[in-house]
Amino acid sequence: MTSTPASFFEPPDLIAALPARPFEFSQAASREADSIVAGPAAALFSRLIGDQETESTWLVARRVLDAFLGRPADPAALADDASADEIAEYVAGVRTDLTATIESLGVGRFGADARDAVLRQRAVLGFLTGCWLDVLSQPATQPSVIVNRLFAQHFTLRGEANPRRTLHWRRRQRLEQDGVFLPEIAAADFLAAADARPLTALHGSFYLALSRLPANFLPELVGVHYAVLTLGVDDLLLGQDPMIGETELRSVLAAYLELAGPAERARLHAGLQRAIDLESEHVQLLVDLAAWHADLPLESKVAAVIARHAPFAGRHHKDIRVGDRPLAETFTDPELDLAEFLADFRESKQLHRTPDGLSAFVRAYKFGGPMFGIFSEREAAVFASWVDSVQAGERPPIEIVQNTVGDERADAWMAAIKASEPADVVVSDPGEIDDRKFFYRLVNIENFANTMPLARQRAEELFSSAEVLFTCGAGGRYTDATYFPYSADALYARAEQVYWDKLVKPYKPLTEIPDRDEVVFLQTTYALGALVDATWIHRTANLGRSDRRCDAALFSIYADEMGFGDLRKNHIMLIHRALHSMDVRLPHIRDAAFMEQGDLPDPLYGFSLHQLCMALFPDTYYNEILGYNLAIEMFGLGELRLHEVQKLNHYGFDDCYEQAHLTIDNISAGHSRQAADIIVAYLDEVRRVLGDAAVDREWRRVWRGYASLAYFVEHALLKQLASEPEDDSLSLLI
Ligand SMILES: [Fe+2]
Ligand SMILES: [Fe+2]
């Protein structure tokens, strides 16, 4: 066997960490990040979950990670070379301590109100569990052994792509059984509905930050993942069985330790310890919160309800006076002193007992009264007990107790985030870059986020240019991008027609096989696309974006492409196997050496760049991605592939990549069919929410995604269209 030069990649991919690289951001992103971290914790959380497409959010993520991971882990806790069993024993000890505390948070000790508050608070983190695995699988990290082990667990936590079987959904259902109903996690009012403390929002921000830069923080991520899932705070609190048992978690931990050197082990320990510290800190917050609720004087509860409603109440109380002041004035006073108001209110005639045993105030918010429907059942109950106590003559000193639970720790974390200046952040402009450099930066996008504006521009230009095929796409050899008015039937009919007329019917076995070099060359023209297989959907269906049926179905296709974490079925592994059989040796696409590779021809980069570019904008280009997905899944079928199989077999090359696509992408139930079903499901939702007019608009965007694949493969047609092509991308693929 010949030895492989270090710059050539050969599976298995045994990385334990990506090579250390700086993180590049533009000047504009740097300024924007400064202003984001200057805001409150809740805004930071909302930004991190709500925006996955802008550079500044990624810089914020880098700063959050720096603040949380910057301080070294407790050196006494674990030996540098601790085994998986030793780590497990350590975490189990922490779990035992936490279990006793969590058990004390049942209804018995603190009461129903406190329990409700605890469940809401914890749900913010409980719903985030595992988000750090969302985009760990990406072009830079595939086909890593450890990434695929973790992907298998990700697939489990995602309910094997069934949105009603996910960890998130199980927790939500359990909470709803306890009467805790919360909006979707990315909804604007989620944190308010959970009554999230700033400390909770900051802990959540740490996990979200990790989910934005998972490839670069793989060692820490492995530690966080093991610690959070093994401690199982949410499982203990909700009385649920873990979805992944400790044995399985430990086995991935052990697999990682085998790959890790001392530096990676230290980083794993840092992540593990930080997660343990944070979970312990959060359990303490829950205890403090429960105690705060349990000890809250009735007057404070009343004050909290009034404070909640006062901003909306003012002008409705025109003629009503409490104390010497009209309520309209009291409730619009920014300096409103709630204690003083309550003191006046409890002496006012509105609280005097009426003949029916109530009071004017209580009657006002009951059915038939002018304030009916304003207060929740729980709030009304607080008022009712307070009025009873007032009528019974109780006049305790009025004390308004602010909720400051966790604020000291929150202030410390927030100060650390504001002060963080990671040494590996570089402010620079990407400047002029050629396709090879562009490809390298997109594959390693976590380190080159300043390339995002260029990527967005490139994707947009391609989608727009591709619309040229809306009028003449029927002349395509493998596709028909001619525009047609949408209906589900029309879409299925177009897919069938392309499949039969363009991909299947023209097929006749080759009577002559080209020479060996030509066969290898043609395969290399496909390889650059294959090395980033499924990239176009690797960022869809992330946390906060996986509620729609179509999102789960997209995740299902992606998971299938990655072999559900089983490397034998992983498509990136298959293409490496195929290339290896043809003796094509390449560096890994994540390595700088790949920019110098000499086997894959330059004009082909455009195709892969397009996939990488659109993938970075799963919100903006959701529709286009759906259309592209259909086109590319269908491109795996029919004559072209069958010929390739025949040629590969002739020379004894490995045809696993081609074979896998001929079957898995099939149009009756495989990826091609699923891709069409996803479009239909998505547009059906659009119609139900926004009406028919919106469907036309959204559909046009879906179809330009389809056309953008055709734009790369129909070079003969495009040449015909432009006898003097001005754009190099018109002569792309083969
Ligand atoms: Fe594939
Ligand atoms: Fe596929």
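Inverting the pair-averaged 1/r between distinct Cα atoms of region 1-121 gives 19.8 Å as its Kirkwood hydrodynamic radius.
Here the alpha carbons of region 195-252 define both size measures, Rg and Dmax, at 13.0, 37 Å. Pairs of Cα atoms in region 245-289 fall into 10 Å distance bins, from 0 up to the last occupied one, in shares of 25, 38, 26, 11, 1 percent.
Computed over protein heavy atoms with a 1.4 angstrom probe, the accessible surface ordering of His610, His352, largest first, is His352, His610. For Gly406, the shell of other residues with beta-carbons less than 10 Å away shows a net charge of -3, using +1 for Lys and Arg and -1 for Asp and Glu. Between Asp429 and Asp81, residue separation times 0.36 nm minus the direct Cα-Cα distance comes to 121.2 nm.
Summing charges over all other residues whose Cβ lies under 13 Å from the Cβ of Leu285, with Lys and Arg as +1 and Asp and Glu as -1, gives -3. Annotation: amide H-H contacts under 5 Å for Val426 (H modelled 1.01 Å from N, sequence separation of 5 or more, or interchain): Phe23, Glu24, Phe25. Calculated mean residue ellipticity at 222 nm for the chain: -18000 deg cm²/dmol, from DSSP H runs with n ≥ 4 weighted as -39500 (n - 2.57), summed, divided by the residue count and rounded to 500.
Suppose the Debye formula is applied to equal point scatterers at every Cα of the chain; what is log10 I(q)/I(0) at q = 0.06, 0.09 Å⁻¹? Relative scattering, expressed as log10 I(q)/I(0), comes to -0.44, -0.88. Applying a threshold of 23 Å to the alpha-carbon distances of Lys301/Lys349; Lys508/Lys719; Lys505/Lys647; Lys508/Lys569 flags Lys508/Lys719; Lys508/Lys569 as lying beyond it. The modelled label-to-label distance for the pair Ala20/Asp319, using points 7 Å beyond Cα in the direction of Cβ, is 7.6 nm. Put simply, the Cα atoms of region 428-483 extend 44, 18, 18 Å along their principal axes, the longest span coming first. Rg and Dmax of region 173-278, based on Cα coordinates, read 15.9, 48 Å.
A convex hull fitted around the alpha carbon atoms of region 179-218 yields 87 Å³ per residue. In the calculated pair-distance distribution of region 467-518, the portion above 15 angstrom amounts to 58 percent of the Cα-Cα pairs. Listed values for region 416-421 are Karplus-derived 3J(HN,Hα) couplings in whole Hz (6.51 cos²θ - 1.76 cosθ + 1.60, θ = phi - 60°), namely 5, 5, 4, 7, 5, 9, and x replaces Gly and Pro. Estimated at 0.36 nm per residue, the fully extended path between Arg549 and Val680 surpasses their Cα-Cα distance by 46.1 nm. Based on alpha-carbon atoms, the Kirkwood radius and the radius of gyration of region 226-305 give Rg/Rh equal to 1.20.
Between the amide H of Arg353 and any residue lying 5 or more places away or on another chain, no distance stays under 5 Å, with hydrogens modeled in the peptide plane. His650 contributes about 110 Å² of solvent-accessible surface, heavy atoms of the protein only, 1.4 Å probe. Averaging over all projection directions, the Cα-based convex hull of region 243-394 occupies 15.1 nm² in the image plane. Hydrodynamic analysis of region 525-633 uses the Kirkwood radius over alpha carbon pairs. Inserted into Stokes-Einstein at 37 °C and 0.692 mPa s, it gives a translational diffusion coefficient of 219 µm²/s. Under Stokes-Einstein, with the Kirkwood radius over Cα pairs as Rh, the value for region 96-215 at 37 °C and 0.692 mPa s is 206 µm²/s. Note on Met595 and Asp344: their simple-model spin labels are 7.0 nm apart, each label 7 Å out from Cα toward Cβ. List the GluC sites (Glu not before Pro) within region 300-366 that DSSP assigns to loop and that have no more than 14 neighbouring Cβ atoms inside 10 Å. Hits after loop and neighbour filter: Glu335.
With a simple spin-label model that places each label point 7 Å from the Cα along the Cα-to-Cβ direction, the separation between Ser464 and Ala415 comes to 5.0 nm. Computed as a quarter of the hull surface, the mean projected area of the alpha carbon convex hull for region 623-703 stands at 5.6 nm². Entry note: region 455-559 has Rg to Rh equal to 1.03, where both radii use alpha-carbon atoms and Rh is the Kirkwood radius. Distance from the Cα centroid of region 537-599 to that of region 16-42 is 27 Å (rounded to whole angstrom). When the surface is traced with a 1.4 Å probe over the full set of protein chains, Lys301 keeps roughly 60 Å² accessible.
The values are calculated or read from the model by the stated rules, or taken from the named source; none is laboratory data. Note that the structure is predicted; figures quoted are calculated from it, not measured. Positions of Cβ are backbone-derived with ideal geometry, glycine not excepted, and every protein chain shown enters the neighbour counts. Heads up: the accessible areas ignore ligands, DNA and RNA and are worked out on the full protein's heavy atoms, side chains in. Shrake-Rupley method; radii C 1.70, N 1.55, O 1.52, S 1.80 Å.
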